[in-house]
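Quick notes on the structure that follows.
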Amino acid sequence: MPKLEPYRKELSYSYALGIFPAMHLLETRPEVATRLLLHPAGLKSEGVNKLREKCAALGIREEEAERVLRRESKKDNCFAALVFEKYEDPLPPENCAVFCQISDAGNLGTALRALLGFGLHSVALIRPCVDRFDPHVVRASMGAFFRMRVHVYDKFEDYRSECGPRELYPFMLDGAKPLGEVAAKRGEPYSMIFGNEAAGLPKDLEDFGNGVIIPHSDKIDSLNLAVAAGIGLYAFSAGARQGA
């Protein structure tokens, strides 16, 4: 087997670091898993042994790789990881979250986990953006990444040309309707659109569709992007339940 390199975007593979992300990978996309990496200190762990059993049943090779695990996780207590081949995920014409120029791996991973928790399975990323296969995205999502469809587009216009007719809801700080009011009347299918952590949405998208604001106290200037996405979808999904 070839030597495993430090992760970089150009590689054809990535790492699912930790027992839970690795287990989610085996449960949802076992065909892309290629190698199980183990830390000798974790060989007696129940979770690690369950992972080894699943990999053995699937014919996935295992190897001790303490140095690789420490290098990729930047921690001493990452006891297992799966190497997996990168893949493409076209988006179906369903409800979707769109992140324009999201730049932080932790924010994307946390947002994916929250969105999946509230029933959303499709995410579009608009360049420039964080590498969706970065191991820290996968780790922050706790494996939710593998249960989502995440596709990258060069421009928002490219996404619009593929997504089909839908309602667009850009989340903004100014000139928008309160989330509760919009969620109660939202149409489907819809796209919730979020901007960059620092700059927000590009100017040409601010007035595109049905603008939404999440009201909060004046003690803060804005919400964390992943928090805003989770709150937004919770309100939209609550609106769906109330309208059922």
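The values are calculated or read from the model by the stated rules, or taken from the named source; none is laboratory data. Just so it is clear, the model here is predicted, and its values are computed rather than measured. Neighbour counts are summed over all protein chains in view; Cβ atoms, including those assigned to glycine, are modelled from backbone coordinates with ideal geometry. Note: areas computed on protein heavy atoms with side chains; ligands, DNA, RNA excluded. Shrake-Rupley method; radii C 1.70, N 1.55, O 1.52, S 1.80 Å.
The table for this structure:
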read-out: Prolate/oblate/rounded call for segment 158-214, Cα gyration tensor, a/c under 1.5 rounded; value: oblate
read-out: DSSP-defined antiparallel bridges as percent of all bridges, the chain, nearest 5; value: 30
read-out: Protection proxy ranking, peptides 40-52, 140-152, average beta carbon neighbours within 10 Å, highest first; value: 140-152, 40-52
read-out: Kirkwood Rh and Cα Rg combined as Rg over Rh, evaluated for segment 32-137; value: 1.03
read-out: Solvent-accessible area per residue for the chain (1.4 angstrom probe, square angstrom); value: 49
read-out: Pairwise Cα inverse-distance average, inverted: Kirkwood Rh of the chain (Å); value: 19.0
read-out: For the chain, calculated [θ]222 nm from helices alone, where every DSSP H run of n ≥ 4 adds -39500 (n - 2.57); value: -10500 deg cm²/dmol
read-out: Debye intensity ratio I(q)/I(0), log10, segment 14-60, q values 0.13, 0.15, 0.18, 0.23 Å⁻¹ (C-alpha model); value: -0.24, -0.33, -0.47, -0.79
read-out: Gyration tensor over alpha-carbon atoms, segment 136-184, equivalent ellipsoid semi-axes in Å; value: 25, 19, 12
read-out: Lysines with Cα under 30 Å of Lys177, excluding same-chain neighbours fewer than 8 positions away; value: Lys155, Lys185, Lys203, Lys219
read-out: Accessible surface of segment 109-244, 1.4 Å probe, proportion on carbon and sulfur as whole %; value: 52
read-out: Bins of 10 Å from zero: percent of alpha-carbon pairs in segment 96-145; value: 31, 61, 9
read-out: Rel. contact order, % - alpha carbon contacts under 8 angstrom, at least six apart, the chain; value: 21
read-out: Packing-based ranking, highest mean first, of 77-84, 99-106, 214-221 given that Cβ atoms within 10 Å are counted; value: 77-84, 99-106, 214-221
